[in-house]
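The values are calculated or read from the model by the stated rules, or taken from the named source; none is laboratory data. It should be emphasised that the depicted structure is a prediction, and the values quoted were computed from it without experimental measurement. Every residue, glycine as well, gets a Cβ built from its backbone with ideal geometry; the counts of neighbours run over all protein chains shown.
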Amino acid sequence: MLEVFGLSGWSQAGLFAVAVLVLNATPGVDLLLTVSRTLVGGARAGLGAAAGIELGCVVHALAAAFGLAALLAVNPAAFTALKWAGAAYLLWLAVGLARQAWRPAAAAAADGAAELAPRCRSLVAEVRTGFLTNVLNPKVALFFLAFIPQFIAPAAPHKTLAFLMLGAWFVLQSALFLAVIVAVATRARRLQTRPAVGRALNAAGAGLFGALAVKVVNT
């Protein structure tokens, strides 16, 4: 069975699983977006964003498996264009959160303390947000290109198939991890019943997304 994944043994499989867990748990755009959307819109919004993120990972995994990520790596203009597009989208998200944080208290009270505009977004909109946030990050494509081949045994007979299988493993494990994050964030969401706390969380999210946008551009 492990031959299909290109792994040399069960120890290698365990190492891959641990590496994926560590990578998923490292604070970054995907984790922050999932937590943010859950706190603002509840479990439905968080799971929608997580689903979009995983769809983006599928695109990156396929691109890396079939060499598209390699082309991105050697084409500075394409890499820069995608990087700026991703940064612009992160800034757009930051502006949206900032607007919610600075929303006049009277306007927030009119809709009820627990009712903020982003919570009314459709599931499609949540999935789209997660997908664009992930797929517009060229570093994710390069990550798949650099990370997965490290676990494929040199003697693996079908390396492309092995790459695809490990990519699928990564996506599945990542999806399960984000589902747990959504469950935890849903319990913490009760803090949102206090308008001041909700606005502070939106302000913090805006600052973090803005910082991530700057980091994407400068690295």
Per the list (1) modelled with pLDDT under 80; (2) over 28 Å from residue 38 (Cβ atoms); (3) of a type in the set (A, V, I, L, M, F, W, C), residue check on residue 164 breaks on (1)
Within the range 88-140, the count of residues that are part of a helix (DSSP H, G or I), modelled with pLDDT of 80 or more and among the small types (Gly, Ala, Ser) comes to 2
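Among the residues in the range 59-70, are any aliphatic (A, V, I, L, M) and within 25 Å of residue 98 (Cβ to Cβ)?
The initial filter retains those residues of the range 59-70 that are aliphatic (A, V, I, L, M), namely 59, 61-65, 68-70.
If we keep only those that are within 25 Å of residue 98 (Cβ to Cβ) as well, we get none.
Within the range 59-70, none of the residues are aliphatic (A, V, I, L, M) and within 25 Å of residue 98 (Cβ to Cβ).
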The number of residues in the range 175-190 that are loosely packed, with under 13 Cβ neighbours inside 10 Å and either touching a Leu at 6+ places or on another chain (Cβ under 7 Å) or modelled with pLDDT under 90 (or both) is 3
Residues of the range 17-35 being crowded, with 17+ Cβ neighbours inside 10 Å and over 11 Å from the mean Cα position of the chain (by Cα), in sequence order, are 20
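For (1) under 17 Å from the mean Cα position of the chain (by Cα); (2) surrounded by 19 or more Cβ atoms within 10 Å (Cβ to Cβ), each residue gets a yes or a no:
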{"position": "125", "(1), (2)": "yes, no"}
{"position": "134", "(1), (2)": "yes, yes"}
{"position": "139", "(1), (2)": "yes, no"}
{"position": "152", "(1), (2)": "no, yes"}
{"position": "158", "(1), (2)": "no, no"}
{"position": "162", "(1), (2)": "no, yes"}
{"position": "167", "(1), (2)": "yes, yes"}
